[in-house]
Amino acid sequence: MHRIVSLLPAATEIVAALGLMDQVVGVSHECDFPKQANERPRVTHCPVHDANMGSRQVDEWVRGVLHDNGTIYTIDEPLLRKLQPDVILTQKLCDVCAVGYGTVAKLAQTFPGPPRLVNLEPRSLADIFGDIRKVAQTCDVLERAEKLIEDLSERVENVRKRAATIRDRPHCFLMEWVDPPFCSGHWGPELVEIAGGRDSLGRKHQPSAQIDWQQVLDARPEIIALALCGYDIDRARRDYELVTRFPGFGSIPAAESGQVYVVNASAYFARPGPRIVDSLEIFAGILHPTEFPEFVSRGPDDRRVVRIG
């Protein structure tokens, strides 16, 4: 048995999918799935979490605090010491997504043991599967990981093979932030590609980046999906109202045809755990609803994806 502390939601989902939730003794403030995660002590805090701030305010606050402090998170050090973890799941991928690896490593060295740190830093779908193996190997359940990855890979290949037979590959824009606009990065463009679409603004296997709105107008996407980092459907709906006020929005083909969607990126697209395959399936339903009817939005109350345009 291990005593696991997970400092990011994707890691918590990986641990749960491996059947190790009973070994989790602490989680981050954002870990909310599976429901057992909400019963664990929370060892991190972020002032902007659940704050009633607009996208521009959040962006400015994050940039300012990162510049001044190097991190936007605080760790409850007394609680973490009390929990006595022997495994801490952390990350180097993004200073905005979770507590940085360097901060955790420095603190962990002062603990008895010290605990083993597992760094998750995925940039692609293959990397996400690799992280599942990494966590499983650390926790001595590698066989479970292989079965889980086999099942997830079968679902990926189901989408890939069916999408490969479709000649029409619509031009889309997977948007990671609204104000200022950010394109998608890392695994985002890869999901679009596998699902049978093209995202010329995306940065495959690279960090997402701020772009000029004019670039979106010039790209003229046929489909726009707001997969806003850390936002659920309701929060993304609010930012959609911002997008509609951007100059020239109504002239974009996606807006003209009503092909604009909001997705629960907090649960899916922005969370590189097992549900990243759900994200792929969701996008297949957006791009090719006739060919993938089982993944299409179930209407305005769907908590995965809603057609809003």
>> So if each residue of separation counts as 0.36 nm, and I subtract the Cα-Cα distance between Arg162 and Arg144, what length gain in nm does that give?
In response: 3.7 nm
> What's the angle, to the nearest 10 degrees (0 to 90), between helix 276-287's Cα axis and the longest principal axis of the chain?
Replying inline: 10
> How far apart, in nm, are the 7 Å Cα→Cβ label points at Asp302 and His45?
Replying inline: 3.9
> Could you give the semi-axes, largest first, of the ellipsoid that matches the stretch 151-309, computed as the square roots of 5 times the alpha carbon gyration tensor eigenvalues and rounded to whole Å?
Replying inline: 22, 16, 16
> Any idea which of Ala164, Leu242, Gln91 is furthest toward the positive side of the dipole for the chain, if Lys and Arg beta-carbons carry +1 and Asp and Glu beta-carbons -1?
Replying inline: Gln91
> Of the peptides 266-279, 289-302, 231-244, how do they stack up when ordered by the mean number of other Cβ atoms within 10 Å, highest first?
Replying inline: 266-279, 231-244, 289-302
>> More than 36 angstrom separation, counting every C-alpha pair in the chain; what % is that?
In response: 18
>> Give me the dipole magnitude in Debye, nearest 20, for the stretch 211-256 about the Cα centre, with unit charges on the beta carbon: positive for Lys and Arg, negative for Asp and Glu.
In response: 100
> Angle between the Cα long axis of helix 142-164 and the longest principal axis of the chain, 0 to 90 degrees, nearest 10?
Replying inline: 10
>> Please give the charge dipole size of the chain, origin at the Cα centre, charges +1 on K and R Cβ atoms and -1 on D and E Cβ atoms. Round to the nearest 20 debye.
In response: 260
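Given a 1.4 Å probe, how much area per residue of the chain is accessible, in Å²?
Numbers: 13820 Å² over 309 residues.
Roughly 45 Å² per residue, with all protein chains present.
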>> What is the angle, in °, between the Cα long axis of helix 125-138 and the longest principal axis of the Cα atoms in the chain? Nearest 10 is fine, range 0 to 90.
In response: 10
> By average Cβ neighbour count within 10 Å, what is the ranking of 80-91, 116-127 from highest down?
Replying inline: 80-91, 116-127
> What order do you get for 31-41, 3-13, 179-189 when each peptide is scored by the mean count of other beta carbon atoms within 10 Å, highest first?
Replying inline: 3-13, 179-189, 31-41
> At a 1.4 Å probe radius, carbon and sulfur cover how many percent of the accessible area of the chain?
Replying inline: 49
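The values are calculated or read from the model by the stated rules, or taken from the named source; none is laboratory data. These numbers come from a predicted model, not from an experiment. Positions of Cβ are generated from backbone atoms using ideal geometry, with glycine treated the same way; all protein chains shown enter the neighbour counts. We work out accessible area using only protein heavy atoms, side chains counted, and drop any ligands, DNA or RNA first. Shrake-Rupley method; radii C 1.70, N 1.55, O 1.52, S 1.80 Å.
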